[in-house]
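Have a look at the structure below before the remarks.
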Amino acid sequence: MLQGGMRNNAPIIVLSQNTQREHGPRVQLANINAAKTVADVIRTSLGPRAMLKMLMDPMGGIVMTNDGNAILREITVKHPAAKSIIEIARTQDEETGDGTTSVIVLAGEVMVSAQPFLEQKVHPTVIIQAFRLALDDMIKWAEDKFSKPIDVKNEEELAIAVKSCLATKMMSEHMDLAVKISLDAVRAISVEKAGYHEIDIKRYCRIEKIPGGEIADSSVVKGVVLNKDVVHPKMKRRIEKPRIVLLDCSLEYRKGESQTALEMMQEHDFSKVLEQEEIEIRKQIDDIIAVKPDLIITEKGISDMAQHFLVRAGITALRRLKKTDNNRLARVSGATICHDTKDLTEADVGTNADLYEVVKVGDEYFTYITSEKSTAATVVLRGPSKDIINEVERNLQDAVNCVRNVLLNPKVVPGGGAIEMALSAALTEKSKTIDGVRQYPYAAIAGALEVIPRTLIQNCGGNVLKELTALRAKHADGENWSWGINGVTGKLVDMNDLGIWDPLSVRLQVLKTAIETSVMLLRIDDIVSGTKKMSDVNSK
């Protein structure tokens with residue numbers, strides 16, 4: 001590629017021949033188009049009248065969902081800006097577990113609102129300053145003016161937020177069950193540590209999917225549910241108040257580190273080797289028997305000989321557990337995970353569990369280890385087919401995250417596009433007081449926020465122009481800030497009557513993520529994509 005000026009009529013070659021470079025406003029316009037395209041894919045998945053997307057992977061697997069994050073995870077895109085937009089759905093999901101569709105739709109609209117200014121040669125930095133100013137104002141207003149606190153001890157108030165979260169999902173048919181499950185699960189794993197409120201859903205709230213039965217059979221188990229059976233048929237399948245030992249070493253004869261060759265000259269050498277194995281395993285089992293456990297669970301294997309000794313000692317064993325399950329078991333039983341049987345002491349034995357039981361569910365055996373005081377929970381999901389259970393899992397994940405958000409930040413804002421419309425009206429009002437060119441991009445954010453109520457009206461086939469104008473008029477005086485769109489009928493409604501309230505942290509995260517990402521993409525003015533020459537690749 002030719003780059004730089006011509007000196008003495010000789011071209012100066014700066015970048016290699018096969019490098020593609022785009023720069024200036026063309027890049028920004030391309031990024032805006034990419035964001036708009038991704039937003040268009042997902043737009044129909046917003047609200048209670050959301051359409052489902054059916055995605056097929058190259059292997060023929062099918063995903064049917066209207067969860068924004070799940071859809072975007074399955075889509076493969078090439079444009080770098082589109083990848084950034086998809087990444088923000090993941091960020092939103094990690095942070096708050098909800099609002100993934102809203103954040104993409106809003107980010108796409110914010111990007112589009114910047115386009116006219118770029119075409120009028122307004123410098124991107126000026127646009128960015130206005131966007132940042134608008135974001136700061138929106139966060140302040142949402143926290144102080146357009147939200148209401150809720151009492152986290154009141155189950156009904158908490159349930160309102162969860163119902164709003166689930167209203168747009170497939171689980172809306174089983175609303176009360178989903179609300180009960182999510183509240184019970186979060187309450188179980190909620191702990192106060194040194195003045196810090198910890199709710200770690202990822203590590204301590206597991207969802208176990210068991211096909212068969214009805215969705216109504218799903219429940220929360222205070223403890224751990226494992227898809228395991230005992231290793232030997234003579235071992236007990238039910239123990240009350242078990243003493244539990246957790247290991248992450250194998251109860252097998254240790255093989256040589258590197259290749260080991262044994263040369264046997266006589267017949268009794270062979271039995272000596274077997275004796276040696278037996279002595280080693282015997283030592284390990286004696287170490288375990290010394291602390292008198294009823295149940296031992298290890299992440300590795302248990303040999304046949306070890307099983308034989310354990311059965312004789314009346315000890316039940318489970319093997320090949322996942323590390324994450326073992327950590328949860330440690331929290332339920334109070335046991336310490338030991339790396340070597342030699343280190344076992346009385347203090348390592350877990351005695352907090354109330355019951356160990358192996359139950360046959362459907363065609364498989366499941367081990368339940370439960371405790372009333374447990375701070376780890378397992379949600380057991382039942383359902384007619386794998387696809388339905390997967391969708392129920394995605395919905396419950398959102399509901400559980402919703403409860404967590406409300407417990408950590410007990411404020412809610414009106415749903416149905418009401419908060420966006422209230423902020424839009426406030427921004428429009430304030431934009432009149434801003435000097436210079438910045439007031440126009442600032443006011444453009446107010447227009448971009450209207451995309452949420454507009455999309456809700458579109459998705460249920462309402463009259464967009466009529467309803468949106470009426471809603472704008474409602475919000476003009478700043479008093480009716482809880483008025484939004486009824487996502488089922490497309491008509492105006494007060495969210496207090498409809499009971500649709502979202503956690504404040506979710507909406508704030510939507511605003512922050514959407515605007516910050518747009519700012520980041522607007523700051524890109526050069527895309528250099530170079531491929532290495534084959535000779536370079538081969539020479540390495």
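Here are the numbers for this structure:
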{"item": "Residues located in region 244-296, provided they are among the hydroxyl-bearing types (Ser, Thr, Tyr) and touching a helix residue (DSSP H, G or I) at 6+ places or on another chain (Cβ under 7 Å)", "result": "Tyr253"}
{"item": "Residue that is open to solvent by less than 30 Å² (accessible area, probe 1.4 Å), in a strand (DSSP E or B), over 30 Å from Val403 (Cβ atoms) and of a type in the set (A, V, I, L, M), where the choices are Val230, Val221, Val245", "result": "Val245"}
{"item": "Pick from region 132-168, criterion in a loop (DSSP other than H, G, I, E, B) and in contact with an Asp or Glu (Cβ under 7 Å, 6 or more places away or on another chain), ranking: surrounded by the most Cβ atoms within 10 Å (Cβ to Cβ)", "result": "Ile150"}
{"item": "Any hit, region 42-61, residues being at pLDDT 85 or above and either within 28 Å of Asp526 (Cα to Cα) or not assigned by the TED database to the domain that holds Arg523 (or both)", "result": "yes"}
{"item": "Residues of region 401-425 that turn out to be among the aliphatic types (A, V, I, L, M), within 16 Å of Asn154 (Cβ to Cβ) and open to solvent by 10 Å² or more (accessible area, probe 1.4 Å), as a count", "result": "1"}
{"item": "Positions within region 221-252 being acidic (Asp, Glu) and more than 35 Å from the chain's Cα centre (by Cα), in sequence order", "result": "Glu240, Glu252"}
{"item": "The listed residue being under 23 Å from the mean Cα position of the chain (by Cα) and open to solvent by 60 Å² or more (accessible area, probe 1.4 Å), out of Lys386, Lys466", "result": "Lys386"}
{"item": "Tabulated pairs, region 479-497, first in the same structural domain as Ile457 (by the TED database) and without any contact (Cβ under 8 Å) to a residue 60 or more places away in the chain, second open to solvent by 20 Å² or more (accessible area, probe 1.4 Å) and in a strand (DSSP E or B), C-beta under 7 angstrom, 6+ apart or interchain", "result": "Leu492/Trp483; Asp494/Trp483"}
{"item": "Residue match in region 443-456 (condition: surrounded by fewer than 18 Cβ atoms within 10 Å (Cβ to Cβ) and at positive phi)", "result": "no"}
{"item": "Count of residues meeting criterion [touching a helix residue (DSSP H, G or I) at 6+ places or on another chain (Cβ under 8 Å) and either assigned by the TED database to the domain that holds Ser333 or open to solvent by 80 Å² or more (accessible area, probe 1.4 Å) (or both)] in region 190-208", "result": "1"}
{"item": "Qualifying positions in region 315-343 - open to solvent by 20 Å² or more (accessible area, probe 1.4 Å) and under 26 Å from Arg282 (Cα atoms)", "result": "Arg319, Arg320, Lys322, Lys323, Ala330, Thr336, Ile337, His339, Asp340, Lys342, Asp343"}
{"item": "Which numbered condition Arg320 misses (of (1) more than 22 Å from Asn352 (Cβ to Cβ); (2) under 34 Å from the mean Cα position of the chain (by Cα); (3) part of a helix (DSSP H, G or I))", "result": "(3)"}
{"item": "Cβ pairs under 9 Å, 6+ apart, first in region 15-29 and within 16 Å of Met520 (Cα to Cα), second of a type in the set (A, V, I, L, M, F, W, C) and part of a strand (DSSP E or B)", "result": "His23/Ile527; His23/Val528; Val27/Ile527"}
{"item": "Checklist (1) in a strand (DSSP E or B); (2) closer than 30 Å to His339 by Cβ applied to His197, failing item", "result": "(2)"}
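Listed here are the residues, each with its yes/no results for (1) closer than 30 Å to Ala443 by Cα; (2) modelled with pLDDT under 80; (3) touching a strand residue (DSSP E or B) at 6+ places or on another chain (Cβ under 7 Å).
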| residue | (1), (2), (3) |
| --- | --- |
| Met138 | yes, no, no |
| Ser164 | yes, yes, yes |
| Asp176 | no, no, no |
| Leu183 | no, no, no |
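Residues are listed down the side, and each one gets a yes or a no for (1) among the aliphatic types (A, V, I, L, M); (2) open to solvent by 60 Å² or more (accessible area, probe 1.4 Å); (3) in a helix (DSSP H, G or I):
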residue	(1), (2), (3)
Lys234	no, yes, no
Ile239	yes, no, no
Leu262	yes, yes, no
Phe270	no, yes, yes
Lys300	no, yes, no
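The values are calculated or read from the model by the stated rules, or taken from the named source; none is laboratory data. Remember, predicted model here, so these are calculated numbers, not experimental data. Don't worry about glycine lacking a Cβ; one is built from the backbone with ideal geometry, like all the others, and counts go over all protein chains shown. For the accessible areas, the whole protein counts, side chains as well, though only heavy atoms, and no ligand, DNA or RNA atoms are used. Shrake-Rupley method; radii C 1.70, N 1.55, O 1.52, S 1.80 Å.
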